[in-house]
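The block underneath contains the structure these notes are about, expressed in structure tokens.
The values are calculated or read from the model by the stated rules, or taken from the named source; none is laboratory data. Note that the structure is a prediction, hence the values are computed from the model and not measured. Here the Cβ is made from the backbone with ideal geometry for all residues, glycine too, and neighbour counts use every protein chain on show.
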Amino acid sequence: MKELFSELIKIYKKSVRVKQIKKRSIENFSKFFISFVDHNKNPKDNKDKYLHLKKAGLSYIRKNQDLIYTELNK
């Protein structure tokens with residue numbers, strides 16, 4: 001899971017250049033993660049195929065906020 005998030009942070013850092021406060025930074029990264037998971041979702045599809053991945057990812061983000069925040073601001 002750590003390797004996945006280190007790669008996601010690298011991708012995210014390419015698009016975001018502004019340093020933000022911790023709460024806003026984690027919130028925006030969480031939104032980025034959800035959009036990354038849902039990028040191939042069919043709008044007509046009511047089922048959420050990757051719900052387990054979203055829950056695990058958001059849980060990881062919540063538990064490791066300090067680590068993610070420091071990685072985002074390197």
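Which pairs turn up if I take residues in the stretch 7-27 that are under 9 Å from Asn73 (Cα atoms) and look for partners that are loosely packed, with under 10 Cβ neighbours inside 10 Å with beta carbon separation below 9 Å, at least 6 apart in sequence or on another chain?
Between residues of the stretch 7-27 that are under 9 Å from Asn73 (Cα atoms) and residues that are loosely packed, with under 10 Cβ neighbours inside 10 Å, the close pairs are Lys13/Lys74.
For the stretch 5-31, what are the residues that are among the aliphatic types (A, V, I, L, M), in a helix (DSSP H, G or I) and loosely packed, with under 13 Cβ neighbours inside 10 Å? If you could, list the steps in order and put the result at the bottom.
At the first step, the residues of the stretch 5-31 found to be among the aliphatic types (A, V, I, L, M) are 8-9, 11, 16, 18, 21, 26.
If we keep only those that are in a helix (DSSP H, G or I) too, we end up with 8-9, 11, 26.
Result: Ile11, single match.
Does the stretch 41-74 hold any residues that are modelled with pLDDT of 70 or more, among the polar types (S, T, N, Q) and not in a helix (DSSP H, G or I), and which are they?
Listed by number, the residues that qualify are Asn64, Asn73.
Modelled with pLDDT of 95 or more, part of a helix (DSSP H, G or I) and out of contact with any helix residue (DSSP H, G or I) (no Cβ under 7 Å at 6 or more places or on another chain): is that true of Ser35 in this structure?
no
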